[in-house]
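Scroll down for the structure; my scribbles are underneath it.
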Amino acid sequence: MIAMSVAEIAEIVGGRLCDITASQAAQTYVDGTVEFDSRRISSGGLFLALPGARVDGHEHAAAAVAAGAVAVLAARPVGVPAIVVDPAPGDRSAGVLEHDRDGSGAAVLAALAALAAAVAARLVAGGLRIIGVTGSSGKTSTKDLLAAVLAPLGEVVAPPGSFNNELGHPWTVLRATEDTAYLILEMSARHRGNIAALAAIAPPSIAVVLNVGTAHLGEFGSREAIAQTKAELPQSVPETGVVVLNVDDPAVAAMAATTAARVVRVSRVAPPDAAEADTVWAGPVHLDPLARPRFTLHSAAGSVELTLGVHGDHQVGNALCAAAVALECGATLDQVAAALGRAQPASAHRMAVHTRADGVTVIDDSYNANPDSMRAGLQALAWMARQQQTPRRSFAVLGEMAELGEDAITEHDRIGRLAVRLDVSRLIVVGTGRAMSAMHHGAVMEGSWGAESIMVADTDAASAVLDREVRPGDVVLVKASNSAGLAAVAEALIAGPGGSDACP
């Protein structure tokens with residue numbers, strides 16, 4: 001974070017000083033990081049006191065100051081130097097902080113947003129470029145690719161993992177300093193207006209919209225409502241900015257009419273006018289044996305052959321969007337091709353491919369799942385299994401796709417049936433709820449598989465099946481929403497007999 005006095009921060013967030021005098025606050029500077037985990041605080045930091053599942057951050061304020069924090073942003077006095085913001089009556093941060101019973105979390109989050117907005121405004125005035133990314137799937141993968149292609153051009157700050165809500169978004173903004181050239185922000189939503197609110201904190205000069213799928217369908221009610229919410233990002237970009245749209249998705253293509261900014265279209269298909277300046281597109285896509293795409297990248301700047309370092313045909317659209325942004329920022333085609341070729345998954349448990357010493361290939365995509373990404377993962381699994389003269393056996397270890405609402409049963413049934421159509425050798429359905437039962441029975445009904453699809457109660461049972469059945473040379477996909485806990489299954493499988501964490 002840029003250096004600011006405690007007094008200045010208090011004025012920005014509308015808080016009052018406690019256990020520190022006005023004179024002391026004017027001379028005490030936050031010049032470290034802003035943290036909500038007291039174990040991560042460092043010298044010169046600012047600690048955020050937020051309610052948690054087991055403890056309230058206010059109870060750790062003293063420990064944070066002892067560890068080096070110069071002040072605490074809190075909703076009540078905590079006995080150490082603090083900026084206190086008062087909760088508004090009835091205010092809650094439900095969905096972000098599930099344990100915010102008294103509104104203290106909402107008050108601190110609002111103050112954090114105000115601080116991030118002030119810092120972003122100063123940095124933009126100094127030349128910082130902010131890039132916002134949204135979509136129903138692929139946000140984190142694209143964010144990682146963006147960080148890779150922009151790194152040769154200057155210092156990049158991007159969120160770790162999926163820090164993309166009312167807490168992670170401003171927290172990421174405050175990681176930027178005067179040396180930061182590019183700030184990449186991933187934006188998610190649970191309700192209409194969420195993306196607009198995030199964009200208001202740090203207005204992007206470049207926006208990327210990947211797709212409109214069915215993730216969070218249970219919260220939005222319809223795909224049309226999801227599209228309207230995703231469109232809040234291009235609508236936030238000024239006419240001097242750029243909006244990158246994946247026009248292979250008609251719902252995304254339609255967003256060109258909603259923004260005053262210049263639109264750059266990306267596609268896997270050549271535009272009707274191949275010389276169209278604001279189009280980035282891919283030539284024929286070929287996959288190597290580990291499903292790494294190879295294609296020709298075409299743009300107004302010319303064409304270049306490249307092979308992605310990441311896995312899965314679905315990464316082509318993500319890479320095109322990252323390339324379009326990098327070209328807008330001044331990168332050369334050769335720089336883009338080299339960066340995309342080197343790029344590896346930077347966020348844990350997202351389409352990470354590991355090959356053990358005994359030849360077992362593990363596709364760890366266990367952090368998140370929705371119908372679109374689940375189909376992409378299964379297709380990558382099927383492709384890898386077919387790339388030898390004698391096909392390899394394929395295992396799909398699948399858990400629940402969360403937040404699908406009334407469509408949960410239908411969508412899980414479809415995934416079970418798809419596993420059969422793709423000729424997956426073994427489907428291990430983890431969990432015993434109605435949705436997982438639908439996945440299992442969908443597979444059975446689609447192909448009269450017999451015992452090829454099984455349901456197991458939990459991750460321990462899934463690991464036990466894999467220990468018994470996986471043989472050298474097999475390919476295993478592990479995928480579910482993070483709440484299913486399948487990351488433990490993937491980690492145990494990767495560290496199996498003769499295991500290696502090195503990606504091929």
Worksheet item: Contour minus end-to-end for Arg393 and Thr332, with contour as 0.36 nm per residue of separation and end-to-end as the Cα-Cα distance?
Response: 17.8 nm
Item to complete: Enter the angle in degrees (range 0 to 90, nearest 10) between the Cα long axis of helix 333-342 and the first principal axis of the Cα atoms of the chain, meaning the one along which they spread out most.
Response: 80
Worksheet, complete the sentence: The percentage of the accessible area of the stretch 75-145 (probe 1.4 Å, all protein chains present) made up of carbon and sulfur atoms, to the nearest whole number, is 52
Worksheet item: Residues of the stretch 371-411 with amide nitrogen under 18 Å from the 7 Å Cα-to-Cβ point of Asp423?
Response: 378-396
Response to the item:
CD proxy, 222 nm, the chain: helix-only mean residue ellipticity via -39,500 (n - 2.57) per DSSP H run with n ≥ 4, per residue, nearest 500, stands at -10000 deg cm²/dmol
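What does DSSP give for the stretch 127-342 in terms of the percent of beta bridges that are antiparallel, rounded to the nearest 5?
Here the share of antiparallel DSSP bridges comes out near 30 percent.
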Worksheet item: What fraction of the Cα pairs in the chain, stated in percent, has a spacing above 35 angstrom?
Response: 38
Worksheet item: Where does each of 308-321, 27-40, 187-200, 231-244 land if you order them by average Cβ count within 10 Å, highest first?
Response: 308-321, 231-244, 187-200, 27-40
Fill in: Difference of contour (0.36 nm per residue) and Cα-Cα distance, Ser222 to Asp31
64.3 nm
Fill in: Ranked order, Ser162, Ser23 - accessible area, probe 1.4 Å, largest first
Ser23, Ser162
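Quick check on the stretch 127-342: what are the equivalent-ellipsoid semi-axes from the Cα gyration tensor, as sqrt(5λ), descending, whole Å? Don't skip to the answer; put the middle values down first.
Working: eigenvalues 120, 80, 57 Å².
Ellipsoid half-lengths, sorted descending, are 24, 20, 17 Å.
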Discussion item. Per residue, how much accessible surface does the chain expose to a 1.4 Å probe? Answer in Å², no decimals.
Written reply: 39
Response to the item:
In terms of the alpha carbon gyration tensor, root eigenvalues a ≥ b ≥ c, rounded if a/c is under 1.5 and otherwise prolate when a/b exceeds b/c or oblate, the stretch 326-438 is oblate
Worksheet item: P(r) for the stretch 105-165: what percent of alpha-carbon pairs falls in each 10 Å bin, starting at zero?
Response: 18, 42, 35, 5
Response to the item:
Of the convex hull enclosing the alpha-carbon atoms of the stretch 4-108, the direction-averaged projected area in nm² is 6.0
Worksheet item: Taking Cα centroids, how far is the stretch 160-202 from the stretch 424-453 in Å?
Response: 38
Worksheet item: Assuming R0 = 60 Å, what is the FRET efficiency of Ser43 and Ala357, from their Cβ-Cβ distance, to the nearest 0.05?
Response: 0.90
Practice prompt. Please give the net charge around Pro160, taking every other residue with its beta carbon less than 11 angstrom from that of Pro160, where Lys and Arg add +1 and Asp and Glu add -1.
Written response: 0
Practice prompt. Round to the nearest 10 and give me the degree value, 0 to 90, for the angle of helix 371-385's Cα axis relative to the longest principal axis of the chain.
Written response: 50
Worksheet item: ³J(HN,Hα) across the stretch 193-206 via Karplus (A = 6.51, B = -1.76, C = 1.60, θ = phi - 60°), whole Hz, x for Gly/Pro?
Response: x, 4, 5, 4, 5, 5, 5, 5, 5, 9, x, x, 8, 9
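Once a ≥ b ≥ c are taken as the square roots of the eigenvalues of the Cα gyration tensor of the stretch 234-348, is the result rounded (a/c under 1.5), prolate (a/b larger than b/c) or oblate (a/b not larger than b/c)? Intermediate values should be presented prior to the final figure.
Numbers: a/c = 1.64, a/b = 1.59, b/c = 1.03.
Since a/c reaches 1.5 and a/b is larger than b/c, the shape of the stretch 234-348 is classed as prolate.
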Worksheet, complete the sentence: Taking every DSSP bridge whose two residues both lie in the stretch 4-108, the antiparallel percent to the nearest 5 is 45
Fill in: Counting DSSP beta bridges with both ends in the chain, the antiparallel % (nearest 5)
30
Worksheet entry | Most to least accessible of Ile201, Ile409, Ile83 (protein chains only, probe 1.4 Å) | Ile409, Ile201, Ile83
Worksheet, complete the sentence: Each label sits 7 Å from Cα toward the beta-carbon; between Glu11 and Arg101 the label points are separated, in nm, by 3.8
Fill in: Whole-Hz couplings from phi, Karplus 6.51/-1.76/1.60, listed for the stretch 143-156; x for Gly and Pro
4, 5, 5, 4, 4, 5, 7, 8, 4, x, 9, x, 5, 10
Worksheet item: Given H placed 1.01 Å from N in the peptide plane, which residues other than close sequence neighbours of Leu185 have an amide H under 5 Å from its amide H?
Response: Ile131, Gly132, Val133
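The values are calculated or read from the model by the stated rules, or taken from the named source; none is laboratory data. Quantities reported herein were computed from a predicted structural model and do not represent experimental measurements. In this analysis, Cβ positions are derived from the backbone assuming ideal geometry, glycine residues included, and neighbour counts consider all displayed protein chains. Just so you know, the surface numbers come from the protein's heavy atoms only, side chains and all, with ligands and any DNA or RNA stripped out. Shrake-Rupley method; radii C 1.70, N 1.55, O 1.52, S 1.80 Å.
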